[in-house]
Amino acid sequence: MFSKFVTGALIFGGLTAGSLLSAPAAHATTCVDGNVSSNLNVAISSHDTVTVTTKNGQPLCKDLTLHWDSYVMPDAYNGKGFSGNNTAIPQTQYSRSVVTIKAGEKTATAKISLPTCKNVQTDLYSGAEIKTVNANGHGSQFIAGEIFAYTGKTTATSLKDLKGCETPTTPTTPTTPTTPTTPETPVTPETPVTPVTPETPVAELPATGASESATLIIATLLAAGAYSVTSLVTKRA
């Protein structure tokens, strides 16, 4: 009897213990490792802001620190991505921010500055800070990023479309040609009028002298005529 009781007690105890061990804890919470990128959701907005959230809203097991950087790409970048593209490198760090999610937390947001009128790459990555990007990129540290052209406006344009950055050239106003002044026709000088030579006045004999001469001539003629008549009469007689 005693042995049966002990055996039954052990069986019951074993079943009870096993049930307790296999039953899930009602209030147990599972945390995630933020260093595993698959445990993170990343959202980039307006090209300069990144928000990192744990998947399924689970808190982090320990603090997580990530880098959120912007880089200036070469002006000669051909818009064909990064991998194996020599026109995409080197890239120089322009702005840097840190995304920090504390243990037990689920999300964090960070913002960076963007270079104006340049080809730009933004990168979210883990590990050590990278100031210059070469052909190796961010390697295994890379989590998320974008490549675009930025004009300095609130929204970026498509790749290589930086026309908004060109300074418009003010057209030169053509100079209106000056109409040459028509030279004035010189005034033909008037031919001076030849002065009329005054006629030389005819000298007139004094009226008195003429009368006396005429009288003398008449008297002489009369005398001669009288003499001739007298002589003729005398001869006839």
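The values are calculated or read from the model by the stated rules, or taken from the named source; none is laboratory data. These numbers come from a predicted model, not from an experiment. Note: ideal-geometry Cβ built from the backbone for every residue, glycine included; neighbour counts use all protein chains shown.
Give region 44-69 a look and list any residue that's among the aliphatic types (A, V, I, L, M) and either in a loop (DSSP other than H, G, I, E, B) or over 23 Å from Gly139 (Cβ atoms) (or both), or say none. Hit for region 44-69 is Leu60, nothing else. Is it true that Asn119 is at pLDDT 80 or above, exposed (fewer than 10 other Cβ atoms within 10 Å of the Cβ) and of a type outside the set (D, E, K, R)? In short, no. The single residue among Leu10, Leu66, Leu21 that is at pLDDT 50 or above and among the aliphatic types (A, V, I, L, M) turns out to be Leu66.
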